[in-house]
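Data first, discussion second: the structure below is written as structure tokens.
The values are calculated or read from the model by the stated rules, or taken from the named source; none is laboratory data. This one's a predicted model, so the numbers in the text were calculated from it and none came from an experiment. Virtual Cβ from ideal backbone geometry, glycine too; neighbours counted across all protein chains shown.
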Amino acid sequence: MRLLSTLITLAVLGSGAYWVIQNKPEYKVKALEMLSTGSFHTLEARYTAKQIMEAQKRDLIKTSRHSYADPTVKFYPYLLLEVKYTNKDHQTGEGIILWDLIDGEMVINTKNWDKTHGFADCINSSTERYEFKILNLIALNGGKLDREGLSRALKIENNVLDAWIDSCRKKKLIVQSGNSYRLHLQEPKLNVLPETVLHDRLATKSYKGAERLSRRYSSSQVRRIAESAFGNDFAIRSTIDVFLPVYSITVQNPDESMHTSYWNAVNGKPLPQTSFIH
């Protein structure tokens, strides 16, 4: 009888929270916080907001009439993949990939937060493994390659090659430039080792009071594009959700307007404003 009473109470609480989320958007965040328990994984912050504000004061506080507002911290969603692959020396490599779930790009090195450029376009266009063969060959050849070079490297029938090229062109992944094809990206960066140089440790953070940004890309989309991009020998052993702590630092201007910038708590560097437009 006690068990039945407990189950009924939980059902009422659950349905009540669902009603609040659906009908009272202003209470959605609070309702979700009430339902969330435990902790989540984050990269360990190496810098505090105060340290960054002090280090950047000369650039951010232009005059004595400018002033800092209280900083806030938000948590930016990433996927951490444990992977194995075959490297250029035909040896098996094992490592970790850190993949941004908002901009769709892979982090190459967490020290300078260098990233790929082009994987988001590939996710958006559902790029297939055979299309990546075209993209990777062009990337390996400095971003530009003619049809003869593609044919020589791929060793496939002409009609198949034409179909692959046409598919890449229709998806706006490549464009023809004279007698050659080039990647349809400004400063593309796709030809990378499938491993992030990770300088940082993982930590845990309580759900309570932690503002986590919503993701634009799903874990399954990232898994699919990584498996398509990195070849037959690439394998994903496991994945976990990880969050990057990011400080919002706001300066109040003399005219009472506000300017907000975003700072990576791991390396103390600024993040582009476009990272938060989604």
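Name the residue that is surrounded by the most Cβ atoms within 10 Å (Cβ to Cβ), counting only residues in region 165-184 that are in contact with an Asp or Glu (Cβ under 9 Å, 6 or more places away or on another chain) and among the basic types (Lys, Arg).
Here the residue is LYS171.
Within region 181-208, how many residues turn out to be assigned by TED's automatic domain parsing to the domain that holds THR127, touching a helix residue (DSSP H, G or I) at 6+ places or on another chain (Cβ under 8 Å) and farther than 26 Å from ARG223 by Cβ?
2
Just to check your reading of the model, which residue among SER228, SER220, SER214, SER238 is surrounded by fewer than 16 Cβ atoms within 10 Å (Cβ to Cβ), in a helix (DSSP H, G or I) and in the same structural domain as SER67 (by TED's automatic domain parsing)? Lay out the reasoning, then the answer.
Details: SER228 fails: surrounded by fewer than 16 Cβ atoms within 10 Å (Cβ to Cβ); SER214 fails: in a helix (DSSP H, G or I); SER238 fails: in a helix (DSSP H, G or I).
Just a single option satisfies the conditions, and that option is SER220.
Going by the conditions given, is GLU256 assigned by TED's automatic domain parsing to the domain that holds LYS57, among the charged types (D, E, K, R) and at positive phi? If you could, list the steps in order and put the result at the bottom.
Values: assigned by TED's automatic domain parsing to the domain that holds LYS57: yes; among the charged types (D, E, K, R): yes; at positive phi: yes.
Yes; evaluated as a whole, the condition is true for this residue.
Take TYR247 and decide whether it is assigned by TED's automatic domain parsing to the domain that holds GLU54, in contact with a Gly (Cβ under 8 Å, 6 or more places away or on another chain), on the phi < 0 side of the Ramachandran plot and not basic (Lys, Arg). Outline the logic, then answer.
Values: assigned by TED's automatic domain parsing to the domain that holds GLU54: yes; in contact with a Gly (Cβ under 8 Å, 6 or more places away or on another chain): no; on the phi < 0 side of the Ramachandran plot: yes; not basic (Lys, Arg): yes.
No; evaluated as a whole, the condition is false for this residue.
Determine whether region 181-199 contains at least one residue that is in a strand (DSSP E or B) and free of Cβ contacts under 8 Å to residues at least 12 places away in the same chain.
As a first pass, look at region 181-199 and keep what is in a strand (DSSP E or B): 181-183, 189, 197.
Cutting the leftovers down to free of Cβ contacts under 8 Å to residues at least 12 places away in the same chain gives us none.
For region 181-199, residues in a strand (DSSP E or B) and free of Cβ contacts under 8 Å to residues at least 12 places away in the same chain: absent.
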